[in-house]
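Shown next, in structure tokens, is the structure this report addresses.
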Amino acid sequence: MDKVLYLDSFSGVSGDKFVGALLSLGGKPSEEYLKTKLQTLSIIDEFEVNILNKKISGIECLKFDVITKDECKNAGAYAPSETKLDDNKEAHMRRHHKTDDRDHKHSRSHSHRGLSEINDIILKSSISDRAKKYATDIFRIIGEAEAKVHDADIESVHFHEVGAVDSIVDIVSASILVDYFDFEEIISSPIPLGKGFIRAAHGVLPVPAPATALLIANVPAYAGEVEGELTTPTGAALVKYFSDRFEELNNFEITKVGYGAGTKDFAIPNFLRVYLGKNNSSKITVVETNIDDSIPEELGYLSEKLFEIGALDVYQTPIYMKKGRIGVKLSVITERASLEKVEEAILKYSPTFGLRKYNVERKILDREIRTVDFNGEVVRIKDGRYKGVPVKSSFEYEDVKKLMTKMNKSYNEIIGLLAREFLI
């Protein structure tokens, strides 16, 4: 894959760091695109956006800052988006701008928005349909977490923290930018949470915040040694929703690096580093299960479903099971991005109560598909190359079958005609 985003979240993830890192990758074109789209939000009169250059440990980062109108009145005029911000001006930044823990602070205006009101703001904007889906999905999973924490129905949950204007803008901005870049895949490192305590709308809470703890379910995470909240609820929701998988950086060809600045001072540099590049790893997963109580039609339907959701290959191997029963071993080869859907399909559409999986590496030829015309029919040819050298070609079976019917010839005869015409 040539357009892969890797999140190096060594100091955690928050909404503003996530957006700042993507803007750092995209430069001015992405800034202008984002600002144009944000103008279509019905709450545009409640905030302004500052995009600041800020040095952290000598590294140039981008600080994405959402300032509400009330804060503007208290802090004075907005700084221009080209403002330079160095470590010595950090105190000024803390006095007049939001901090990384803004998920836990009340907004002075409309701080008690519910899910339906937030969805209405998003859906009535002019951002793309895909960005709308991203944003509404993220708010839904946050709402589900908040509802569980407070033992309330999701529709009755008021987003005291993430319903504030700045958090809405963070999540919508992240959705706009992920849609804008159109990454083929997003990979994240394991997520550091931090430790200690934070002060929130409901009092003093341990790190991670209760909503964050729910949002990172099934995500590789660790506390680390840094005192403070490294990953906020908004950050947890963003990284869980957008990441296709979590793993350490491996066999990755970096083409560009972006840095999204945080505001708080930690014992480590507070920024999110992202890499844009090519993932040269060809790791896939094999999922298997043994079945002795199914009928052929049931497994045939399951195979069709598995191919529909992205399985690379599905096959069955006859096996002898316990008590001398004849069964099959169902094997599915899949990329990591489709793994969860593959597991769900096997457990849902087969009689098995469990499965096993293991990661493998594969080597495949570079390939391309070309089309040719033969006897009035379009024929697809797959050409394979090894280190740039052509080594083999094959004809698409369905196209060959059409020619067999049309010309009343056998498979071998049609292949011979095509090979003489297009391969020799």
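Read the figures in this text as sums done on the coordinates, not as results from a lab. Bear in mind that the values here come from a model prediction, so they are computed numbers and not experimental data. Cβ sites come from the backbone with ideal geometry, for glycine too, and all protein chains shown count toward neighbours.
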message = Please compute the length gained on full extension between PHE353 and SER42, using 0.36 nm multiplied by the number of residues separating them and subtracting their Cα-Cα distance.
response = 107.1 nm
ask   = Whole-Hz Karplus ³J(HN,Hα) for segment 404-412, in order, using 6.51 cos²θ - 1.76 cosθ + 1.60 and θ = phi - 60°, x for Gly and Pro?
value = 4, 5, 5, 9, 6, 10, 6, 4, 4
note = For segment 366-422, using Cα atoms only, the Rg and Dmax in Å read 11.9, 39
ask   = Which ³J(HN,Hα) values in Hz, rounded to whole numbers, follow from the phi angles of segment 201-213 under the Karplus curve 6.51 cos²θ - 1.76 cosθ + 1.60, where θ = phi - 60° and Gly and Pro get x?
value = 4, 9, x, 7, 10, x, 8, x, 4, x, 5, 4, 4
task = Could you work out the local net charge near GLU288, counting Lys and Arg as +1, Asp and Glu as -1, over the other residues with Cβ closer than 12 Å to its Cβ?
result = +2
ask   = So between LYS409 and ILE326, what do we pick up on full extension, going 0.36 nm a residue minus the alpha carbon distance?
value = 25.9 nm
For ALA200, distant residues with modelled amide H under 5 Å away = LEU205
request  = Mind jotting down the three principal axis lengths of the chain based on Cα atoms? Whole angstrom, largest first.
outcome  = 84, 55, 41
note = With ILE44 itself left out, Lys, Arg at +1 and Asp, Glu at -1 over residues whose Cβ is under 11 Å from its Cβ give 0
query = Sequence-distant or interchain residues sharing an amide H contact under 5 Å with ILE191, placed H: which?
reply = ALA221, TYR222
key: GLU368 paired with LYS283, simple spin-label distance in nm, labels 7 Å along Cα-to-beta-carbon   = 3.0 nm
ask   = For LEU423 and VAL389 in the same chain, what is the full-extension length gain: residue separation times 0.36 nm, less their Cα-Cα distance, in nm?
value = 10.8 nm
query = In debye to the nearest 20, how big a dipole does the chain give about its Cα centre with +1 on each Lys and Arg Cβ and -1 on each Asp and Glu Cβ?
reply = 860 debye
query = Is there a pair in LYS55/LYS283; LYS256/LYS363; LYS357/LYS401; LYS195/LYS341; LYS3/LYS305; LYS28/LYS387 whose C-alpha atoms are over 31 Å apart, and which pairs would that be?
reply = LYS55/LYS283; LYS357/LYS401; LYS195/LYS341; LYS28/LYS387
request  = Among ARG367, ARG245, rank each residue by its count of other Cβ atoms within 10 Å, from fewest to most, as a rough exposure measure.
outcome  = ARG367, ARG245
task = Just name one of ASN375, LEU417, GLY388: the one whose Cα is farthest towards the positive end of the charge dipole of segment 366-422 (beta-carbon charges, Lys/Arg +1, Asp/Glu -1).
result = GLY388
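Rank the residues THR405, THR36 as a footprinting-exposure proxy: fewest other Cβ atoms within 10 Å of their Cβ go first.
THR405, THR36
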